[in-house]
Structure formats: structure tokens, C-alpha cells
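To start, the structure under review is shown below, and the notes come after it.
The values are calculated or read from the model by the stated rules, or taken from the named source; none is laboratory data. These numbers were taken from a predicted model, which means no experiment stands behind them. Virtual Cβ from ideal backbone geometry, glycine too; neighbours counted across all protein chains shown.
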Amino acid sequence: MASIDRRLIPALVRAFAGEAISPPPIWLMRQAGRYLPEYRQLRAKYAFLEVCKTPELAVEVSLQPFQRLGVDVIIVFSDILIVAEAMGLPLELTDAGPNLPEPVRCAADVAKLQDFDPETETRFLMDAIRILSAEAGPTVPVLGFAASPWTLACYMVEGRTKEGFATVKSFMQQEPRALRDLLHRIAQATIGYLKAQIASGATAVQLFDTWCGELDMADYQQFVLPAVQEIVRGVSDVAPVIYYTKASHHLLPAIVQSGANVLSVDWRIDLGTLRKLASPKVGIQGNLDPALLYAPQDVLRAKTTEILDQLGGVGHILNLGHGILPTTPLENAQLFIQTGQQKTFAASAGVVR
């Protein structure tokens, strides 16, 4: 395993609290995936869900970017739809995308959803985190994750990813009480799921709200934000919560009210602008456009430095604005990480060296 600076965990935790860190911690969303040749070799033998549900395979895949790229954080390999399956919906996952063949379409469908014991229904994930935490040791952060209630509800109602999410939006307007019930049930199940990940050794957890940007401010505040706050209240007393939102520039005044320890955003948002809206004790994560990993290396280095300079190392966890793309040149992913790890800031001199 690659050597790790023993000051890393304090740096990550201090970034969560909005402190100045030089250089900032760095990892990549979807860092375990098809851009890595070793991942492609393993996936040639095993189906996606088989990897997710076999702890030894999930651990191997989770460690690949840490060993190959030297990222500062390990995120466990899994999928956000595992919770939907544990709540009672049949799940199919392939490289073509997810499919839930028995979607939720009415209040009666919501009522049939079940709460679940994470150590029983999703023990494979908890075992993977336990193994990862033991192998990584106390100096390497391991992250767990789940979907936000709204993003998971989008898949559970639509049955798959669909442009515009017309079915779930119609459900929102026609049966608002049922949608609130669905979001609450997901939130409660997710609290237990994330707490189990933390108890298994996760340093922190991330909520992925990939589809919140599909909503306007009124619907976000009325339906989505309360469910996110419910999870944050239920989890943040035991470990930090990172809240990732995509295409959320119009929602930022509400997102900063989520209570999350770290706000993670995509490339459309200036991090300095977010810093002015958020509490100074909140960390900020992001936010290079993943497509820039295809750019010439001098452009990539300059764009990465520009992002770093927006916050000057204050409460910053360097990351992409969304998941790394499958055909990303490996050398460019390495350059992005190296650029971040080589960056220092005079304002935080002596904080972490």
C-alpha cells in the first residue's frame, strides 16, 4: 500500500470544520471505475452487483485508485441504489444503467416499502468497510455514502434515469403527501444505513443529490431540504456528513441550510461565492469539471490551480464536480492529484506541513 502522511486524518477533519489546510486533501468521485485498467480486468470476470456484494472484491476495487493514484481518501465501492433494493424494490444494475422494474407509483407502493437492518440486508457493505478500515489503518480516511432521499426517490419512481424526471415530478404534484412519506421513509432508512457504515469504520459519509438541480427553489425547500436535514440531524452527531449537489447554483441559499459539515458542488459554481454563503465552519468540496481531465496538461494544471486559489486552502477538499469519466486518460487523473498535493498557501503556512 502507498505510504500516507500521518497528518492526513487531522487535515481532512480540519477541512470539514472550515480550517486552512495546505495542501488540501484530495480524492475523486467515482475514483474506483472504468478509467483504471485493473478495474476493467476485474469487471471482465464479475458483474457489477457481484462486485458490490462481495466484500473482498469491493475492497480490492476501493483500494485500486489509492494504490495507483495516491489519493488521500478511500471511498468504499458500492452503489446508491443498494438502499432501494434493501427497502424491497428489485434491482438490476448493468453498465447500461440501473433498472428498477417494479417502481413506486402510488401511496400504496410507498406503504409497502420496508425498513431494514443494515447489518442483515447490507452486511456485505459493512464487511467491506471493516476490511478497508483495518487495511488502511488509522491514518487513512475511509468514506461511506448513500443517495439523498430525493435522488433515490427519482430512481424509485421513474424506474431508471429519464430526461426531465416527468414521472416523479407528476407524482410530486398529484400526491404530495405520498412523496413526503416516501422521502421520510428513505431518510429514516438512510440514517440507519449510514450509521452502520460509520460504526464499521467510515470516517465520514457523503450524500449524493445528483438530481436536486431538476427542481426549482420552492419545490426543493418544500420537499427535498427537510429530508436532507432529517438525515444530517440523525447522522452528524457521530460523523461528518458531506452533501453533494449537482446543477444546484439556483438552490445555494437553501442548500447552505442543510446542516451538512461539508458542501460539495459541481463545476458551475464558484467556490468563493459558496464560501460567502456558507458558515465559515463548513467545509467545501470540489469542483473541477471531469471533462477537463481530457484537456492538454498545461490547461488542466492551470484550471486546477485556479480552483485551489478560489479558497486559498481554507476548508477545502479538492475533488471533481462530478464522477470521473470512464475514458479519462490515467496520466491526467494523476496530474490533477499531483497538482493538488503540491499546492501550498502562504496564508496557511505552518497549519499542515
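Rundown of residues vs (1) among the β-branched types (Val, Ile, Thr); (2) surrounded by 18 or more Cβ atoms within 10 Å (Cβ to Cβ); (3) in contact with a strand residue (DSSP E or B) (Cβ under 8 Å, 6 or more places away or on another chain), yes/no style:
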position	(1), (2), (3)
Ala111	no, no, no
Thr120	yes, no, no
Pro138	no, no, no
Val142	yes, yes, yes
Ala153	no, yes, no
Val157	yes, yes, no
Arg180	no, no, no
Task: Long-range neighbours under 7 Å by Cβ, at least six apart or interchain, first residue under 19 Å from Asp219 (Cα atoms) within segment 244-272, second aromatic (Phe, Trp, Tyr) - done: Tyr244/Phe208; Leu251/Tyr220; Ala254/Tyr220; Ser258/Tyr243
TODO: Could you check, for segment 166-189, whether at least one of its residues is at pLDDT below 95 and not in a helix (DSSP H, G or I)?
DONE: no
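Here's the yes/no breakdown for (1) of a type in the set (S, T, N, Q); (2) more than 19 Å from the chain's Cα centre (by Cα); (3) surrounded by fewer than 19 Cβ atoms within 10 Å (Cβ to Cβ); (4) part of a strand (DSSP E or B):
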{"position": "Gly272", "(1), (2), (3), (4)": "no, yes, yes, no"}
{"position": "Lys276", "(1), (2), (3), (4)": "no, yes, yes, no"}
{"position": "Pro280", "(1), (2), (3), (4)": "no, yes, yes, no"}
{"position": "Gly286", "(1), (2), (3), (4)": "no, no, no, yes"}
{"position": "Ala302", "(1), (2), (3), (4)": "no, yes, yes, no"}
{"position": "Leu318", "(1), (2), (3), (4)": "no, no, no, yes"}
{"position": "His322", "(1), (2), (3), (4)": "no, no, no, no"}
{"position": "Leu325", "(1), (2), (3), (4)": "no, no, yes, no"}
{"position": "Gln338", "(1), (2), (3), (4)": "yes, yes, yes, no"}
- [ ] Scan segment 49-65 for residues that are of a type in the set (Val, Ile, Thr), buried (at least 19 other Cβ atoms within 10 Å of the Cβ) and over 17 Å from Tyr35 (Cα atoms) and report the count.
- [x] 1
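Could you identify the single residue in Val241, Val282, Val228 that is within 22 Å of Trp150 (Cα to Cα), out of contact with any Lys or Arg (no Cβ under 6 Å at 6 or more places or on another chain) and touching a residue at least 60 places away in the same chain (Cβ under 8 Å)? Before you say what the answer is, go through the steps one by one.
Values: Val241 fails: touching a residue at least 60 places away in the same chain (Cβ under 8 Å); Val282 fails: within 22 Å of Trp150 (Cα to Cα).
One residue alone meets the criteria, Val228.
Here is a yes/no grid of residues against (1) out of contact with any Phe, Trp or Tyr (no Cβ under 8 Å at 6 or more places or on another chain); (2) closer than 18 Å to Leu179 by Cβ; (3) touching a residue at least 40 places away in the same chain (Cβ under 8 Å):
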{"residue": "Asp79", "(1), (2), (3)": "no, no, no"}
{"residue": "Met87", "(1), (2), (3)": "no, yes, yes"}
{"residue": "Leu100", "(1), (2), (3)": "no, yes, yes"}
{"residue": "Ala107", "(1), (2), (3)": "yes, yes, yes"}
{"residue": "Lys112", "(1), (2), (3)": "yes, yes, no"}
{"residue": "Pro118", "(1), (2), (3)": "no, no, yes"}
Open item on the list: Go through (1) in contact with a strand residue (DSSP E or B) (Cβ under 9 Å, 6 or more places away or on another chain); (2) of a type in the set (Ser, Thr, Tyr); (3) modelled with pLDDT of 95 or more for Thr161 and report which single condition fails.
Closed with: (3)
Open item on the list: Can you say whether Phe77 is modelled with pLDDT of 95 or more, in a loop (DSSP other than H, G, I, E, B) and either more than 24 Å from Arg185 (Cβ to Cβ) or among the small types (Gly, Ala, Ser) (or both), as far as the supplied structure shows?
Closed with: yes
Open item on the list: Contact list please: Cβ distance under 7 Å, first residue in segment 289-304 and farther than 14 Å from Pro329 by Cα, second residue in a helix (DSSP H, G or I), pairs at least six apart or on different chains.
Closed with: Arg301/Leu335; Arg301/Thr339; Lys303/Leu292; Thr304/Phe336; Thr304/Thr339; Thr304/Gly340
